[in-house]
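*Asks:* This is the structure, below, for whatever I ask next.
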Amino acid sequence: MKIPQNVINELISQARQDAPNETCGYLLGISGDEEDEVTENYWMENIDHSSEHFSFAPKDQFAALKYARQNGLKILANWHSHPASPSRPSQEDLRLANDPTIRYAILSLFEGVHLNSFKILNGEVVDKEVHL
C-alpha cells in the first residue's frame with residue numbers, strides 16, 4: 001500500500017494533536033492491480049478518549065463509508081496511533097482486527113515517528129509494510 005507523504009504528514013499532525021490519547025481513522029484510496037494507493041485520511045474521533053485503545057463511533061464509520069462510496073474510493077486501511085508504544089499491533093489490536101480485506105496501520109510516536117501497516121488474519125500478522 002502506497003501512502004503519499006502529504007497523508008503521512010497529516011497522520012503525524014493528528015497523532016501529535018490528540019496525544020497522549022490514541023487517534024484513529026480510515027485511509028481511503030484506490031485499489032490498484034499491483035498496489036493500493038491511499039489518497040486521503042478520514043479522521044474519526046476516538047470515543048474511548050484513551051491512551052491505550054480506541055473505538056470508532058458507529059455514526060462516523062457509516063459517514064466514512066458513505067463518503068468513500070460517493071467519491072469512488074475504498075477503505076484501504078484502519079489506522080490508529082500509539083503515542084507511547086511501538087508501531088506494532090497490541091494483543092487487543094490483533095483481537096479486534098476482523099476485516100481481512102483491509103490493512104491495519106499504526107503510527108507510533110514512541111522513540112521517533114514510525115508508520116507500519118499490517119495484514120491481519122485470524123488474529124495473526126501475515127504481512128508487514130514499513131511506510132516511515
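*Asks:* By the scheme Lys and Arg +1, Asp and Glu -1, what is the net charge of all other residues having a beta-carbon under 9 Å from that of residue 46?
*Replies:* -4
*Asks:* Quick one: 3J(HN,Hα) in Hz for the range 7-22, Karplus 6.51/-1.76/1.60 with θ = phi - 60°, rounded, Gly and Pro as x.
*Replies:* 6, 4, 4, 5, 4, 4, 4, 5, 5, 5, 5, 8, 4, x, 7, 5
*Asks:* Hey, another quick one. Tell me, what ³J(HN,Hα) does each residue in the range 79-96 have, in order and in whole Hz, if you take phi through Karplus 6.51 cos²θ - 1.76 cosθ + 1.60 with θ = phi - 60° and put x for Gly and Pro?
*Replies:* In residue order, the calculated couplings are 10, 8, 9, 10, x, 9, 8, x, 7, 8, x, 6, 4, 5, 4, 5, 5, 8 Hz.
*Asks:* Right, something else. So who's got an amide H within less than 5 Å of the one on residue 110, skipping anything under 5 residues away but keeping other chains? H placed 1.01 Å off N, in plane.
*Replies:* When sequence neighbours closer than 5 places are left aside, the close amide H contacts are 85.
*Asks:* Mind listing the phi-derived Karplus ³J(HN,Hα) values for the range 37-43, rounded to whole Hz, using 6.51, -1.76 and 1.60 with θ = phi - 60°, and x for any glycine or proline?
*Replies:* Computed from phi, the couplings for the range 37-43 are 10, 6, 10, 6, 9, 10, 5 Hz.
*Asks:* Further, regarding this structure: Considering only the other residues whose Cβ falls under 14 Å of the Cβ of residue 101, what net charge follows from Lys and Arg at +1 and Asp and Glu at -1?
*Replies:* In short, 0.
*Asks:* Still on this structure, please answer the following. Under a point-charge model restricted to the Cβ atoms of Lys and Arg (+1) and Asp and Glu (-1), what is the dipole moment magnitude of the range 48-91 relative to its Cα centre, in debye to the nearest 20?
*Replies:* It works out to roughly 300 debye.
*Asks:* Note the per residue figure in Å³ for the convex hull of the C-alpha positions in the chain.
*Replies:* Spread over its residues, the Cα hull of the chain gives 98 Å³ apiece.
*Asks:* Along each of the three principal axes of the Cα atoms of the range 82-127, give the extent in whole Å, ordering the values from largest to smallest.
*Replies:* The Cα atoms of the range 82-127 stretch 29, 16, 13 Å along the principal axes, largest first.
*Asks:* On to the next question. Quote the convex hull volume per residue of the range 3-54, based on C-alpha atoms, as a whole number of Å³.
*Replies:* 75
*Asks:* Next question, about the same structure. Provide the convex hull volume over Cα atoms per residue for the range 34-85, in Å³.
*Replies:* 90
*Asks:* Could you tell me what percent of the accessible area of the chain is made up of carbon and sulfur, with a 1.4 Å probe and every protein chain present?
*Replies:* Ligands and nucleic acids excluded, carbon and sulfur give 48 percent.
*Asks:* How far, in nm, would the chain grow between residue 6 and residue 127 when pulled straight, counting 0.36 nm per residue and subtracting the alpha carbon separation?
*Replies:* 41.1 nm
The values are calculated or read from the model by the stated rules, or taken from the named source; none is laboratory data. All values reported here derive from a predicted model rather than from experimental measurement. Every residue, glycine as well, gets a Cβ built from its backbone with ideal geometry; the counts of neighbours run over all protein chains shown. Note: accessible area is taken over every heavy atom of the protein model, side chains too, but ligands, DNA and RNA are not part of it. Shrake-Rupley method; radii C 1.70, N 1.55, O 1.52, S 1.80 Å.
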